[in-house]
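First comes the structure, then the notes that go with it.
The values are calculated or read from the model by the stated rules, or taken from the named source; none is laboratory data. This structure is a prediction, so every number in the text was calculated from the model and none was measured. Ideal geometry is used to build each Cβ from the backbone, glycine not excepted, and the neighbour counts take in all protein chains shown. Quick note on the areas: whole protein, heavy atoms, side chains included, nothing else; ligands and nucleic acids left out. Shrake-Rupley method; radii C 1.70, N 1.55, O 1.52, S 1.80 Å.
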Amino acid sequence: MTSSAFPLKKEKRSVWRFLLSELKPRGKWITPFNVISIPVMLVGAAIIIIRFINGIGAVSNVNQDIPWGVWKGFNVITGVAFAGGAYILTFVVYVLKVEKFHSIVRVTVLNGFLAYVFYAGALVLDLGKPWNIFNPIIGNNFGANSVLFLVAWHFLLYIIAQAIEFSPAVAEWLNARRAHKILSGLTLGAVIFGITLSTLHQSGLGALFLMAKEKIHPLWYSEFIPLLFLMSSVFAGLSMVIFEGSISERVFADQITSENKKQRKDIILILSRVCAFSMFVYLFMQILVFAHGHRWEYINTPMGYWFLIEIFGFVVLPMLLFLLSFKRANIMLAKVAAVFTILGIILNRLNVSIIAFRWDAAVHYVPSWMEIVVAVSIIFVEIWIFRWVINRLPVLRESPSWAKNKHA
Amino acid sequence: MSINRRNFFKVLGVTGATIALGQEAQAKSASEEVTEFKAILYDSTRCVGCQTCEFSCAEAHNLPAPEDFPEVGVIRKTSEKRRTVVNAYDTSAGEVYVKRQCMHCNHPACGAACLTQAMQKTKEGPVIWREDKCMGCRYCMISCPFDVPKFEYNSPNPKITKCNMCFERQQEGKLPACVENCPGEALVFGTRRELIAEARRRIVENPDAYYPHIYGENEAGGTSFLYLSPVPFEEIGFSTTIQNASYPALTKGFLYSVPAVFVLVPSVLLGIHKATKSNLDKNNQHD
Ligand code: SF4
Ligand code: SF4
């Protein structure tokens with residue numbers, strides 16, 4: 001069943017029937033993923049209800065010294081770095097016009113879009129008074145001097161930009177040819193706007209911590225956090241593209257044409273090269289910051305060892321693996337490198353936002369199991385929706401023929 | 001907004017004057033004359049550790065009265081139920097009491113962090129929090145260098161709590177509750193300029209009794225809570241790593257670069273796009 005089965009009649013009723021039929025689940029119900037994710041999501045939902053009845057403290061271990069826990073540090077700050085693949089790939093495909101990557105740009109944008117929507121959701125969960133979220137949006141109270149204000153706005157605008165970038169796929173699904181034409185025409189504008197917003201909020205997430213100068217361990221604090229965050233979002237995003245691609249390839253194998261499959265190898269090798277290069281630049285920046293900040297005195301301490309693990313184990317090592325993978329044209333190595341890079345980014349973002357934040361506090365923050373269940377549930381829901389979309393919209397598979405050569 | 005602008009010009013003015021005079025302290029007090037923030041001077045040499053300020057603070061803000069007392073070796077902390085605490089320290093000058101609460105920074109990090117202007121530096125000096133604006137993001141807590149704002153984690157409709165220098169009472173022409181009730185006159189209320197002069201006078205007239213430094217005159221860009229101590233401030237639990245420049249200044253570079261990025265990045269991208277497009281067209285013609 002593909003969308004082309006949808007009758008061309010434009011009656012309202014049939015559109016609704018079509019949408020309803022599309023809402024029904026497809027395929028087997030009992031899969032390992034479903035068996036694990038459904039109970040987790042149910043428990044997560046229950047925890048969220050408790051959180052809104054009894055307050056954040058009822059389910060979360062965040063405290064007065066360390067006010068941001070995994071919902072912010074992991075779902076928002078780390079997740080956004082991984083969603084960085086979308087702005088890099090749209091840049092490559094729509095601005096640099098490297099056609100080779102066209103087959104993966106749509107799925108990456110979809111991923112980015114869902115990531116942002118759900119991470120915005122995580123943010124709302126973490127707000128004490130979420131009903132006041134409109135204050136900074138409708139303009140009755142602009143805290144325009146606030147980095148968070150900028151980040152929030154850029155989030156919002158970027159979600160819209162990504163929705164526009166992805167909208168042609170929706171039009172193809174609904175067989176809306178006129179809309180498709182109009183929406184495709186908007187792509188370039190949305191892409192340029194989106195890349196600009198991305199550079200700003202990727203770095204902005206780092207800039208959030210600029211005022212916490214004495215509260216973050218000196219090995220992680222510097223005035224260059226925004227630049228480091230921006231640079232690392234490049235390889236974070238691309239590693240996620242490699243990782244996610246290797247899973248989709250298997251799970252959605254039936255959707256990918258054999259020609260695309262061959263192309264994918266090529267794509268991964270090029271991406272590993274870009275990853276290796278951007279990691280090299282990142283490393284160089286880290287070294288400059290290290291030397292500039294006179295950080296030698298901190299190295300021979302527990303926090304220092306922790307820092308070395310992050311840098312050598314999760315930046316230098318995957319960088320070398322990426323290098324090796326494209327020297328030897330070895331896809332497997334690239335995937336291993338991607339996994340290491342992803343772990344490294346998680347480590348880095350959690351270090352800045354949680355672990356090295358008030359590292360000297362009397363009570364250390366360790367997330368409660370409930371926080372973790374919610375954090376994971378958010379990702380599961382995202383994957384469910386991702387799967388739903390992939391199975392219906394022309395994301396991985398080819399666009400219907402009428403929409404072909406219309407890509408901007 | 002008007003305050004932000006004023007602060008902005010003040011920062012500009014301070015920077016300009018700093019370059020001109022090469023002396024930050026002088027420049028700061030010059031700029032103070034324009035603003036005339038209200039402030040509180042706390043003289044720990046006069047404090048007897050009676051906790052009257054704690055009790056009157058609890059009463060003024062409908063909070064539970066304290067049940068513990070200052071003890072050497074115990075650091076009592078402010079919390080969502082307690083906006084000020086007095087601690088005791090064993091120092092080179094014997095036992096010294098120290099009252100802690102929000103510092104009411106001239107350029108508060110919490111206020112710059114707040115994306116809804118719920119945390120706000122009033123033109124009178126107190127830094128206040130407004131319930132109807134706050135969305136509970138706790139970015140103010142992340143940013144405050146003194147870890148002052150607290151959050152009601154166990155409430156479905158939580159508040160950020162911290163000392164507001166009894167702003168409501170000030171509006172009615174009354175003194176802050178702690179100042180009004182302090183039996184030892186360890187707390188004095190006045191304009192920041194007057195109080196700095198008063199603190200200087202005390203140090204000069206009685207150099208043996210005081211460590212020659214007014215904590216809060218320059219710390220964090222200057223604060224509206226000023227401290228005198230008989231011993232160096234690190235002996236009584238003050239952070240020595242607090243910078244003298246204001247904390248919001250740390251984000252200025254990033255914030256100022258935003259408009260530039262908005263102009264530059266799209267135009268560069270469009271340029272590249274044009275270039276690659278004409279390249280492609282050429283290639284296509286060749287095909
Ligand atoms: S001490 Fe903290 S809470 Fe008080 S005004 Fe300064 S930054 Fe704000
Ligand atoms: S928690 Fe409230 S007062 Fe604090 S920064 Fe967020 S919106 Fe502002």
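Within segment B:198-209, does at least one residue satisfy the condition of being surrounded by 21 or more Cβ atoms within 10 Å (Cβ to Cβ), at pLDDT 95 or above and more than 11 Å from ligand 2 (Cβ to nearest atom)? Yes, some residue in segment B:198-209 is surrounded by 21 or more Cβ atoms within 10 Å (Cβ to Cβ), at pLDDT 95 or above and more than 11 Å from ligand 2 (Cβ to nearest atom).
Among the residues here, A:Lys335 qualifies as within 25 Å of A:Leu110 (Cβ to Cβ) and either open to solvent by 20 Å² or more (accessible area, probe 1.4 Å) or of a type in the set (A, V, I, L, M) (or both).
When the criteria are applied in full, A:Lys28 fails the requirement of being farther than 28 Å from A:Gly206 by Cα, over 22 Å from the mean Cα position of the chain (by Cα), of a type in the set (D, E, K, R) and within 14 Å of chain B (Cβ to nearest Cβ).
In segment B:215-224, the condition of being closer than 18 Å to B:Ala112 by Cβ, more than 14 Å from chain A (Cβ to nearest Cβ) and small (Gly, Ala, Ser) is met by at least one residue. The single residue among B:Ala186, B:Ala260 that is over 17 Å from the mean Cα position of the chain (by Cα) and under 30 Å from B:Phe167 (Cβ atoms) turns out to be B:Ala186. Confirm whether B:Arg6 is at pLDDT below 95, on the phi < 0 side of the Ramachandran plot and surrounded by 12 or more Cβ atoms within 10 Å (Cβ to Cβ). It is true that B:Arg6 is at pLDDT below 95, on the phi < 0 side of the Ramachandran plot and surrounded by 12 or more Cβ atoms within 10 Å (Cβ to Cβ). Apart from one condition, B:Leu187 fits all of (1) more than 15 Å from ligand 1 (Cβ to nearest atom); (2) open to solvent by 20 Å² or more (accessible area, probe 1.4 Å); the exception is (2).
Yes/no matrix, rows are residues, columns are (1) over 30 Å from A:Phe224 (Cβ atoms); (2) open to solvent by 40 Å² or more (accessible area, probe 1.4 Å); (3) over 25 Å from the mean Cα position of the chain (by Cα); (4) among the charged types (D, E, K, R):
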position: A:Ala176; (1), (2), (3), (4): yes, no, yes, no
position: A:His180; (1), (2), (3), (4): yes, no, yes, no
position: A:Thr187; (1), (2), (3), (4): yes, no, no, no
position: A:Phe193; (1), (2), (3), (4): no, yes, no, no
position: A:Ser203; (1), (2), (3), (4): no, no, no, no
position: A:Gly206; (1), (2), (3), (4): no, no, no, no
position: A:Phe209; (1), (2), (3), (4): no, no, no, no
position: A:Lys213; (1), (2), (3), (4): no, yes, yes, yes
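The residue that is farthest from ligand 1 (Cβ to nearest atom), among those in segment B:228-243 that are open to solvent by 40 Å² or more (accessible area, probe 1.4 Å) and facing chain A (nearest Cβ under 9 Å), is B:Thr241. Being open to solvent by 20 Å² or more (accessible area, probe 1.4 Å), of a type outside the set (Phe, Trp, Tyr) and either over 19 Å from the mean Cα position of the chain (by Cα) or farther than 30 Å from A:Ile242 by Cβ (or both) holds for only one residue in A:Asn111, A:Asn132, and it is A:Asn132. If you go through segment B:175-184 one residue at a time, do you hit one that is in a loop (DSSP other than H, G, I, E, B), in contact (Cβ under 8 Å) with a residue 60 or more places away in the chain and crowded, with 22+ Cβ neighbours inside 10 Å? Yes: segment B:175-184 contains one or more residues that are in a loop (DSSP other than H, G, I, E, B), in contact (Cβ under 8 Å) with a residue 60 or more places away in the chain and crowded, with 22+ Cβ neighbours inside 10 Å. Considering only segment A:45-68, I want to know if a residue exists there that is out of contact with any strand residue (DSSP E or B) (no Cβ under 7 Å at 6 or more places or on another chain), under 29 Å from A:Leu227 (Cβ atoms) and among the aliphatic types (A, V, I, L, M). Yes, segment A:45-68 contains a residue that is out of contact with any strand residue (DSSP E or B) (no Cβ under 7 Å at 6 or more places or on another chain), under 29 Å from A:Leu227 (Cβ atoms) and among the aliphatic types (A, V, I, L, M).
For segment B:133-145, the criterion of being on the phi > 0 side of the Ramachandran plot, buried (at least 21 other Cβ atoms within 10 Å of the Cβ) and touching a residue at least 40 places away in the same chain (Cβ under 8 Å) is satisfied by no residue at all.
Considering only segment B:147-157, I want to know if a residue exists there that is more than 14 Å from chain A (Cβ to nearest Cβ) and under 20 Å from the mean Cα position of the chain (by Cα). No, every residue in segment B:147-157 fails to be more than 14 Å from chain A (Cβ to nearest Cβ) and under 20 Å from the mean Cα position of the chain (by Cα).
Among the residues making up segment B:228-243, those that are in contact with a Ser or Thr (Cβ under 7 Å, 6 or more places away or on another chain) and in contact (Cβ under 8 Å) with a residue 24 or more places away in the chain are B:Leu228, B:Ser229, B:Pro230, B:Val231, B:Glu235, B:Ile236. Look at (1) more than 22 Å from the chain's Cα centre (by Cα); (2) crowded, with 19+ Cβ neighbours inside 10 Å; (3) under 20 Å from A:Cys275 (Cβ atoms) and you find that A:Phe307 fails only one, number (3). Looking only at residues in segment A:102-134 that are touching a residue at least 24 places away in the same chain (Cβ under 8 Å) and more than 24 Å from A:Glu165 (Cα to Cα), the one that is nearest to the other protein chains (Cβ to nearest Cβ) is A:Gly128.
Scanning segment B:52-82 for residues that are within 30 Å of A:Ala207 (Cβ to Cβ) and touching a residue at least 24 places away in the same chain (Cβ under 8 Å) yields B:Thr78, B:Ser79, B:Glu80.
Can you say whether A:Tyr94 is open to solvent by 10 Å² or more (accessible area, probe 1.4 Å), within 10 Å of chain B (Cβ to nearest Cβ) and out of contact with any Asp or Glu (no Cβ under 7 Å at 6 or more places or on another chain), as far as the supplied structure shows? So A:Tyr94 passes the test. Would you pick out the residues in segment A:198-210 that are part of a helix (DSSP H, G or I), in contact (Cβ under 8 Å) with a residue 60 or more places away in the chain and of a type outside the set (S, T, N, Q)? Passing the criteria: A:His201, A:Leu205, A:Gly206, A:Ala207. Residue check: B:Ser246 meets all listed conditions (1) surrounded by fewer than 21 Cβ atoms within 10 Å (Cβ to Cβ); (2) in a loop (DSSP other than H, G, I, E, B) but one, namely (1). On inspection, B:Glu152 does not qualify as more than 15 Å from ligand 1 (Cβ to nearest atom) and at pLDDT below 95. Only a single item in (1) crowded, with 18+ Cβ neighbours inside 10 Å; (2) within 16 Å of ligand 2 (Cβ to nearest atom) is not met by B:Arg130, and it is number (1). On the stretch given as segment A:154-192, residues that are within 12 Å of chain B (Cβ to nearest Cβ) and over 21 Å from A:Phe82 (Cβ atoms) total 4. With B:Lys123, B:Lys159 as the choices, which residue is within 11 Å of ligand 2 (Cβ to nearest atom) and either modelled with pLDDT under 95 or surrounded by fewer than 21 Cβ atoms within 10 Å (Cβ to Cβ) (or both)? Of the residues listed, the single one that is within 11 Å of ligand 2 (Cβ to nearest atom) and either modelled with pLDDT under 95 or surrounded by fewer than 21 Cβ atoms within 10 Å (Cβ to Cβ) (or both) is B:Lys159. Entry remark, segment B:106-120: residues being more than 7 Å from ligand 2 (Cβ to nearest atom) and at the interface with chain A (Cβ under 7 Å from one of its Cβ atoms) number 3 in total. Listed by position, the strands (runs of 3 or more DSSP E) inside segment B:73-144 whose residues that are within 11 Å of ligand 1 (Cβ to nearest atom) number at least 3 are B:119-121, B:127-129. Only residues that are away from chain A (no Cβ under 14 Å), of a type outside the set (Asp, Glu) and under 19 Å from B:Cys182 (Cα atoms) were counted across segment B:65-86, and they come to 6.
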